[in-house]
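> Attaching a single structure in structure tokens format; questions to follow.
The values are calculated or read from the model by the stated rules, or taken from the named source; none is laboratory data. Please read these numbers as outputs of a predicted model, since none were measured by experiment. Heads up, the Cβs are rebuilt from the backbone with ideal geometry, glycines too, and the neighbour counts pull from every protein chain shown.
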């Protein structure tokens, strides 16, 4: 049964709250994609004054954005309060604001942001159309959006290995690049450009892969998975099936399909109800 939006958000928030202590030492993929996003931003022909990092997590990218654009005010938004507490420890500037909020309901004034950046957050959103509409609302018409997310080939080896065992949903499902492009256009964002990269990370065994996913809060939160306990026999069968991907170097690979996109703000004037920025100063730690 499909979760309600409130229940979905609660599950995502709890998942990343629990992952906070282990997140930064396990987020290999996030760091690689983060570097790629920053490289893409180097071609941006603008000097943003107000930057919004949506899905800031532990604040790594938010901090780097504040370093790269020293004259800008940077806002880091995330649904996980505990992640933001960690991000607050990285704060070294007065013009750095942390906000606990859902990406689909940004507490940001309309037409106020020059640059929105979002790294590997959209795949956890139940309705990306609503999120892109919010991005379009807060973005200035001359502003820009840069994002990364995960595509459907992500963890294809793990998904295929489970498929040899049963027909249950053991791995998150991700939407494809074309769906993101359609959603950007429907939101009114201009000149969307998307491309796909495939990254492969190596693991000693499947247990290391699954532990890493748990450590970054990216373990299975799909809505139709079985609520019952998974039998040990099924798990062993999955592990055996995954061995077909063993490399000559003795590692098990995991594929991550990374979708990158950027777009410009809307040109037409829309009537939006402004929202107030709500900094959560209480969780900031210097």
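> In region 122-153, which residues are crowded, with 18+ Cβ neighbours inside 10 Å, out of contact with any helix residue (DSSP H, G or I) (no Cβ under 8 Å at 6 or more places or on another chain) and more than 18 Å from residue 111 (Cβ to Cβ)?
123
> Just wondering, is there one or more residues in region 62-76 that are closer than 23 Å to residue 259 by Cβ, under 15 Å from the mean Cα position of the chain (by Cα) and touching a residue at least 40 places away in the same chain (Cβ under 8 Å)?
For region 62-76, residues closer than 23 Å to residue 259 by Cβ, under 15 Å from the mean Cα position of the chain (by Cα) and touching a residue at least 40 places away in the same chain (Cβ under 8 Å): absent.
> Identify all residues within region 27-46 that are under 17 Å from residue 84 (Cα atoms) and either part of a helix (DSSP H, G or I) or modelled with pLDDT under 90 (or both); write none if there are none. It would help to see each step written out before you state the result.
Start the filter on region 27-46 by keeping residues that are under 17 Å from residue 84 (Cα atoms), which leaves 27, 30.
Listed by number, the list holds a single entry, 30.
> When you go through (1) at pLDDT 95 or above; (2) part of a strand (DSSP E or B) one by one for residue 153, which number turns out not to apply?
Going through (1) at pLDDT 95 or above; (2) part of a strand (DSSP E or B) one by one, residue 153 breaks only (2).
> Within region 171-218, count every residue that is out of contact with any strand residue (DSSP E or B) (no Cβ under 7 Å at 6 or more places or on another chain), part of a loop (DSSP other than H, G, I, E, B) and either more than 18 Å from residue 252 (Cα to Cα) or modelled with pLDDT of 95 or more (or both). It would help to see each step written out before you state the result.
Just the residues of region 171-218 that are out of contact with any strand residue (DSSP E or B) (no Cβ under 7 Å at 6 or more places or on another chain), to begin with: 171-173, 175-176, 178-179, 182-183, 186-188, 204, 207-208, 210-218.
Restricting the remaining residues to those that are part of a loop (DSSP other than H, G, I, E, B) gives 171-173, 175-176, 187-188, 204, 216-218.
After this cut, where a residue has to be either more than 18 Å from residue 252 (Cα to Cα) or modelled with pLDDT of 95 or more (or both) as well, the list is 172-173, 175-176, 187-188, 204, 216-218.
Within region 171-218, residues that are out of contact with any strand residue (DSSP E or B) (no Cβ under 7 Å at 6 or more places or on another chain), part of a loop (DSSP other than H, G, I, E, B) and either more than 18 Å from residue 252 (Cα to Cα) or modelled with pLDDT of 95 or more (or both) number 10.
> Could you count how many residues in region 159-170 are within 24 Å of the chain's Cα centre (by Cα) and either assigned to a loop (DSSP other than H, G, I, E, B) or crowded, with 16+ Cβ neighbours inside 10 Å (or both)?
Qualifying residue count for the region: 3.
> Sticking with this structure for a sec: State whether one or more residues within region 40-56 are over 18 Å from residue 122 (Cβ atoms) and surrounded by 18 or more Cβ atoms within 10 Å (Cβ to Cβ).
Looking through region 40-56, at least one residue is over 18 Å from residue 122 (Cβ atoms) and surrounded by 18 or more Cβ atoms within 10 Å (Cβ to Cβ).
> Looking at this structure, is residue 156 more than 19 Å from the chain's Cα centre (by Cα) and more than 19 Å from residue 34 (Cβ to Cβ)?
No, not satisfied.
> If the requirement is being in contact (Cβ under 8 Å) with a residue 60 or more places away in the chain, surrounded by 21 or more Cβ atoms within 10 Å (Cβ to Cβ), touching a helix residue (DSSP H, G or I) at 6+ places or on another chain (Cβ under 8 Å) and assigned to a loop (DSSP other than H, G, I, E, B), which of these qualifies: 116, 108?
Residue meeting the stated conditions: 108.
> In region 47-56, which residue that is touching a strand residue (DSSP E or B) at 6+ places or on another chain (Cβ under 6 Å) and part of a loop (DSSP other than H, G, I, E, B) is nearest to residue 131 (Cα to Cα)? Even if it seems obvious, please write down each step before you answer.
Just the residues of region 47-56 that are touching a strand residue (DSSP E or B) at 6+ places or on another chain (Cβ under 6 Å), to begin with: 48-56.
Then keep just the ones that are part of a loop (DSSP other than H, G, I, E, B); that gives 48-49, 55-56.
Details: 48: 21, 49: 22, 55: 12, 56: 15 Å.
Checking each candidate, the answer is 55.
> Output the number of the condition that residue 18 fails; it satisfies all remaining conditions of (1) within 30 Å of residue 169 (Cβ to Cβ); (2) in a loop (DSSP other than H, G, I, E, B).
Residue 18 satisfies every listed condition except (2).
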